[in-house]
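Colleague: First the structure, which I've put down as structure tokens, then a few questions once you've had a look.
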Amino acid sequence: MDNEKEQQVKEISIKSDEDVIFVRQEVRNLAKQMGLSLLEQTRIVTAASELGRNIVVHAREGKAFLIKVEKGDRQGLKIVFRDKGPGIPDVQKALEEGFSTVGSLGLGLPGARRLVDDFAIESSPLEGTTVIIIKWR
Amino acid sequence: MAEVSILMMGENIIVPIQVELHDRAAMALQEDILLKIEETGASGLIIDVSAVSIVDSFLGRLLGDTARMARLMGTETVLVGMKKEVVITLIELGMIIKDLHTALNLEEGLKLLESLKIERVREENGA
């Protein structure tokens, strides 16, 4: 059984466009520090941008938690996006969005999912939405 | 807030994006570009993204929209200098930016721009 360790590096409040830029910069710094390639950095920062934007646009405010994870001898960058917004009415449908909705009114979830290794989402009107992404080194 | 410069070079507008743009700043830039087209009657627009490390779905869509809007004003647009990491990520994100001409660098972009303008004149003359 692999040992799993987590170390939270940063908690970022997301309320505006500018906060999303800050999230991008922090994710990039951490990804670089962890030795991810430029392509992998670009992927995870872009995914973070999509998910951060969802918070600003749909929930008005939320948080991003940047976490270093270790599983056995693997190292990963985990980001948890959490908000107490209205929730996603049909998560299944949101995960099946077609390409045409990327960049429009869709949530861009399938796109963000494709950019990372692990992806999990939970959403309800009561609890809000939590999206967890991990990029392994 | 750092501003993006909009340069004039002959009949063309050149916009080198060298700062990280948040959504509102990107929208403001789009407006500024269209205003410049209106003011100058420029026939060409080059958007240089060689210094841009992240293009997400919002910026991707905005760039496509800007080119379409410019075209409605009689201006051809070429996007130049997209980094390969950005290209790979945009495709994986599922973004298909339609009607946006691209070139590897400014020099190639200017050549493409000239041929697009010639093509456009032919179209309009019903050739």
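Colleague: What pairs come out if I take residues in the range A:68-82 that are loosely packed, with under 15 Cβ neighbours inside 10 Å and pair them with residues that are modelled with pLDDT of 95 or more and assigned to a strand (DSSP E or B) whose C-beta lies under 7 Å away, six or more apart or interchain?
Modeller: That search, which allows pairs on different chains as well, returns A:ARG74/A:TRP136.
Colleague: Here's a follow-up. Taking the residues in the range A:72-128 that are closer than 25 Å to B:VAL86 by Cβ and of a type in the set (Asp, Glu) as candidates, determine which candidate is modelled with the lowest pLDDT.
Modeller: A:GLU97
Colleague: Right, here's the next one. Within the range B:54-87, how many residues turn out to be among the hydrophobic types (A, V, I, L, M, F, W, C) and assigned to a helix (DSSP H, G or I)?
Modeller: 10
Colleague: Something else: Within the range B:1-49, restricting attention to residues that are buried (at least 16 other Cβ atoms within 10 Å of the Cβ) and touching a Pro at 6+ places or on another chain (Cβ under 8 Å), which residue is nearest to B:THR77 (Cα to Cα)?
Modeller: B:ASP48
Colleague: If you don't mind, another one. Just to verify a result, which residue in the range A:32-45, among those that are touching a residue at least 40 places away in the same chain (Cβ under 8 Å) and buried (at least 24 other Cβ atoms within 10 Å of the Cβ), is nearest to the chain's Cα centre (by Cα)?
Modeller: If we take residues in the range A:32-45 being touching a residue at least 40 places away in the same chain (Cβ under 8 Å) and buried (at least 24 other Cβ atoms within 10 Å of the Cβ), then A:ILE44 is nearest to the chain's Cα centre (by Cα).
Colleague: A further question on this structure: Only one of these is touching a helix residue (DSSP H, G or I) at 6+ places or on another chain (Cβ under 6 Å) and either more than 13 Å from chain A (Cβ to nearest Cβ) or acidic (Asp, Glu) (or both): B:LEU45, B:LEU100. Name it.
Modeller: B:LEU45
Colleague: Hey, which of the helices (runs of 4 or more DSSP H) in the range A:22-137, taking only ones fully inside, have at least 2 residues that are under 19 Å from B:GLY60 (Cα atoms) and touching a helix residue (DSSP H, G or I) at 6+ places or on another chain (Cβ under 9 Å)?
Modeller: Filter on the range A:22-137 gives A:38-54, A:109-115.
Colleague: With the checklist (1) of a type in the set (S, T, N, Q); (2) under 27 Å from A:LYS32 (Cα atoms); (3) modelled with pLDDT of 95 or more in hand, flag the one item B:SER43 doesn't pass.
Modeller: Of the numbered conditions (1) of a type in the set (S, T, N, Q); (2) under 27 Å from A:LYS32 (Cα atoms); (3) modelled with pLDDT of 95 or more, the odd one out for B:SER43 is (2).
Colleague: When the residues of the range A:19-33 are filtered to those that are within 12 Å of another protein chain (Cβ to nearest Cβ) and not hydrophobic (A, V, I, L, M, F, W, C), which remaining residue is farthest from A:ILE55 (Cα to Cα)?
Modeller: A:LYS32
Colleague: What number of residues in the range B:64-92 are crowded, with 16+ Cβ neighbours inside 10 Å and more than 10 Å from every other protein chain (Cβ to nearest Cβ)?
Modeller: Matching residues across the range B:64-92 total 12.
Colleague: Which members of the range A:1-31 meet the condition of being surrounded by 21 or more Cβ atoms within 10 Å (Cβ to Cβ) and charged (D, E, K, R)?
Modeller: The one that is surrounded by 21 or more Cβ atoms within 10 Å (Cβ to Cβ) and charged (D, E, K, R): A:ARG24.
Colleague: Suppose the filter is within 15 Å of A:THR129 (Cβ to Cβ) and acidic (Asp, Glu); does A:ASP90 pass it?
Modeller: Considered against the rule, which asks whether it is within 15 Å of A:THR129 (Cβ to Cβ) and acidic (Asp, Glu), A:ASP90 comes out as yes.
Colleague: Right, another one. I'd like to know if the range B:105-125 contains one or more residues that are within 14 Å of chain A (Cβ to nearest Cβ), in contact with a Ser or Thr (Cβ under 8 Å, 6 or more places away or on another chain) and modelled with pLDDT under 95.
Modeller: So far as the range B:105-125 goes, no, none of its residues is within 14 Å of chain A (Cβ to nearest Cβ), in contact with a Ser or Thr (Cβ under 8 Å, 6 or more places away or on another chain) and modelled with pLDDT under 95.
Colleague: Shifting gears a bit: Go through the range B:10-24 and give me each residue that's modelled with pLDDT of 95 or more and among the aliphatic types (A, V, I, L, M).
Modeller: Result: B:ILE13, B:ILE14, B:VAL15, B:ILE17.
Colleague: Hey, among the residues in the range A:46-91 that are under 23 Å from B:ARG24 (Cα atoms), among the hydrophobic types (A, V, I, L, M, F, W, C) and more than 14 Å from chain B (Cβ to nearest Cβ), which one's nearest to the chain's Cα centre (by Cα)?
Modeller: Filtering the range A:46-91 for residues that are under 23 Å from B:ARG24 (Cα atoms), among the hydrophobic types (A, V, I, L, M, F, W, C) and more than 14 Å from chain B (Cβ to nearest Cβ), the one nearest to the chain's Cα centre (by Cα) comes out as A:PHE81.
Colleague: Of all residues in the range A:22-60 being of a type outside the set (A, V, I, L, M) and in contact with a Ser or Thr (Cβ under 7 Å, 6 or more places away or on another chain), which is nearest to A:THR130 (Cα to Cα)?
Modeller: Residue satisfying both the conditions and the ranking: A:GLU50.
The values are calculated or read from the model by the stated rules, or taken from the named source; none is laboratory data. Small disclaimer: the values here were computed from a predicted structure and weren't measured. Reconstructed Cβ throughout: ideal geometry from the backbone, glycine too, with neighbour counts over all protein chains shown.
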